[in-house]
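Enquirer: Have a look at this one.
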Amino acid sequence: MQPKKTALYNRHVALGAKMVPFAGFIMPVQYSGILDEHLNVRNKVGVFDVSHMGEFEFRGADAEKTLNYLTTNNVAKLEPGGIQYSAMLFDDGGVVDDLLVYRFENHYMTVVNAANLDKDFEWMKSHLKGDVEMKDVSDQTSLLAIQGPDAVSLIKKITNTPLDEIVYYNFQLGKVAGVNAIISRTGYTGEDGFELYVDREDSEQLWDAVFEAGEEYGVKPVGLGARDSLRLEVCFNLYGNDMDQTTNPIEAGLGWIVKSKKLGGFIGKQPVLDAKEKTTRKLVGFILIEKGIARHNSDVYLGDKKVGYVASGGFSPMLEKPIGLAYVDKPHHEIGTMIEIDLRGRRLQAEIVQTPFYKRP
């Protein structure tokens, strides 16, 4: 099957982006360079095309009840304009995917990872009950993320929507650059900013307006490479690396989105409750003491004993050090513990540290 192109493909090519296959799409991995793009988001403002993400709409009298059963967080607590970070679990407590749940006046929308789009749609559809209609609107939806200290000032130039009224993890419907948009105060970088959902046909108009308005702030396009390094610095989990069907949300550090006392429960509830008492490992952060980059699935050792594996690894431009996340067996997971990462037969020293690695000043 040929990879898909987002509506902004031609813009990326014109900007000289390095394009790579990713989650069924051809996506920009970098433009000016991962380090440059990363620092621009931390210090100024960057723009991401994340239109590869999946969006599903849910309508009907039983939409809330159904979503509450499918997800670990409490959908019943959402007010119109509210957003939840949540997860979906298999019967055994393994993670199907992590996702966002948006509540509108008369319907809901979920946003899922691009690599899991088809799997998630079929899994959710197979568990629908009662009066609920599910619709995949991914192909007609484009998504831009504008992130960084100057993101709010930039968007204020091209919208009349009162952005200061939109608090973190809330959204409003409005116009941005004359385009109808869902204006969502969310992101995957640890910086302030907004994610803008628009019709595919309006993508280029919005993209061009954002870059024109952002010129005074030094706005730059940002690819998947810096998106990964930004999220790793603030320890936002990545599905497929830091969690999957072999991990549960408790050991992945996501116990805060598991509402075990909510009415009706959720799929995978009992195994997760059991995991709270019996979890034998934990996702921890580490900093490499020696030069090198820890790679996904690299073994973690304490002396001669294998005690875990690397989930995510990379270089932190803000710390100027190699960092990573690893699943480490208890009781070897404590902060300050010295471990070794096996990189192709070479053992590198690392220290388990407090996370997140970086916090916005």
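Values quoted throughout were computed directly from the atomic coordinates according to the rules given, and no laboratory measurement underlies them. In this text the structure is predicted, and so the values were computed from the model without any measurement. Because the Cβ atoms are built from the backbone with ideal geometry, glycine has one as well, and the counts that use them run over all protein chains shown.
Enquirer: For the residues E290, E105, what sequence is obtained by ranking on other C-beta atoms within 10 Å, fewest first?
Expert: Working: E290 13, E105 7.
Exposure proxy ranking, most exposed first: E105, E290.
Enquirer: Moving on to the next point. Assuming R0 = 45 Å, can you tell me the calculated FRET efficiency for the pair T280 and N106, based on Cβ-Cβ distance, to the nearest 0.05?
Expert: With R0 = 45 Å, the Cβ-Cβ based efficiency is 0.50.
Enquirer: When we measure straight from the Cα of K291, which lysines land under 20 angstrom away, once same-chain ones fewer than 8 places off are left out?
Expert: Output for K291: K321.
Enquirer: Right, another one. Work out the FRET efficiency for E122 and N241 from their Cβ-Cβ distance, taking R0 = 35 Å, and round it to the nearest 0.05. Show your work: numbers first, answer last.
Expert: On the way: r = 23 Å, r/R0 = 0.65.
The calculated FRET efficiency here is 0.95.
Enquirer: Related question: Any idea what the dipole of the chain comes to, in debye rounded to 20, about its Cα centre with Lys/Arg Cβ at +1 and Asp/Glu Cβ at -1?
Expert: Roughly 780 debye for the chain.
Enquirer: Translational diffusion coefficient, Stokes-Einstein: compute it for the chain using the Kirkwood radius over C-alpha pairs as Rh, at 10 °C and 1.306 mPa s, and state it as an integer in µm² s⁻¹. Walk me through the intermediate numbers first.
Expert: Details: Rh = 21.3 Å.
My calculation gives 75 µm²/s for D.
Enquirer: Please give the FRET efficiency for I335 paired with E201, using the beta carbon to beta carbon distance and R0 = 41 Å, rounded to the nearest 0.05. Write out the running numbers ahead of the final one.
Expert: On the way: r = 50 Å, r/R0 = 1.22.
E between I335 and E201, to the nearest 0.05, is 0.25.
Enquirer: Here is a further query. Tell me which lysines have Cα within less than 19 Å of K18's Cα, excluding those fewer than 8 residues away on the same chain?
Expert: Candidates past the 8-residue exclusion: K4, K5, K220.
Enquirer: Only counting other Cβ atoms within 10 Å, I'd like T355, T246 sorted with the fewest neighbours first.
Expert: Least to most surrounded, the residues fall as T246, T355.
Enquirer: Something else now. With only Lys, Arg, Asp and Glu charged, each at its Cβ (+1 for the first two, -1 for the last two), find how big the charge dipole of the range 54-136 is about the Cα centre; round to the nearest 20 debye. Write down the numbers at each step before the final one.
Expert: Values: 8 positive and 16 negative charges, 38 e Å.
Roughly 180 debye, rounded to the nearest 20.
Enquirer: Oh, and also: Hey, if you put +1 on the Cβ of every Lys and Arg and -1 on every Asp and Glu Cβ in the chain, which of M19, G264, G148 ends up farthest toward the positive end of that dipole?
Expert: G264
Enquirer: Can you give the charge dipole size of the range 259-361 about its Cα centre, rounded to the nearest 20 debye, using +1 on the beta carbon of Lys and Arg and -1 on the beta carbon of Asp and Glu? Can you show the working numbers first?
Expert: Values: 19 positive and 11 negative charges, 112 e Å.
For the range 259-361, the charge dipole is close to 540 debye.
Enquirer: Still on this structure: For every helix of n ≥ 4 consecutive DSSP H residues, a contribution of -39,500 (n - 2.57) applies; sum these over the chain, divide by its total residues, and give [θ] at 222 nm rounded to the nearest 500 deg cm²/dmol.
Expert: On the way: 8 runs with 71 residues, N = 361.
So the calculated ellipticity at 222 nm is -5500 deg cm²/dmol.
Enquirer: Taking K278 as the anchor, which lysines have their alpha carbon closer than 16 Å to its alpha carbon, excluding any fewer than eight residues away along the same chain?
Expert: Cross-link targets: K269, K330.
Enquirer: Report relative contact order for the chain in percent, whole number only (criteria: Cα-Cα under 8 Å, sequence separation at least 6).
Expert: On the way: 822 pairs, mean separation 63.8, N = 361.
Computed value for the chain: 18 percent relative contact order.
Enquirer: I'd like the distance separating the alpha-carbon centroids of the range 229-248 and the range 11-25, in whole Å.
Expert: Answer, in whole Å: 23.
Enquirer: Among K305/K359; K261/K282; K77/K135; K129/K262, which pairs are too far apart, with a Cα-Cα distance over 30 Å?
Expert: Details: K305/K359 33 Å; K261/K282 23 Å; K77/K135 23 Å; K129/K262 18 Å.
Table pairs above 30 Å Cα-Cα are K305/K359.
Enquirer: Further question on the same structure: Rank H107, P80, L70 by how far each Cα sits towards the positive end of the charge dipole of the range 54-136 (+1 on Lys, Arg Cβ; -1 on Asp, Glu Cβ) and give me just the farthest.
Expert: The one lying farthest along the dipole's positive direction is P80.
Enquirer: Under the classification rounded if a/c is under 1.5, otherwise prolate if a/b is larger than b/c and oblate if not, where does the range 1-131 fall, given a ≥ b ≥ c as square roots of the Cα gyration tensor eigenvalues? Provide the component values of the computation, followed by the final result.
Expert: Working: a/c = 2.34, a/b = 1.87, b/c = 1.25.
Verdict is prolate for the range 1-131.
Enquirer: Okay, next question. Ranked highest first by average number of other Cβ atoms within 10 Å, how do 258-264, 155-161 line up? Write out the running numbers ahead of the final one.
Expert: On the way: 258-264: 14.9, 155-161: 17.0.
Averaged packing, sorted descending, gives the order 155-161, 258-264.
Enquirer: Still on this structure: Of the options P221, F211, T189, report the single residue whose Cα projects farthest towards the positive end of the charge dipole of the range 173-282 (beta-carbon charges: Lys, Arg +1; Asp, Glu -1).
Expert: T189
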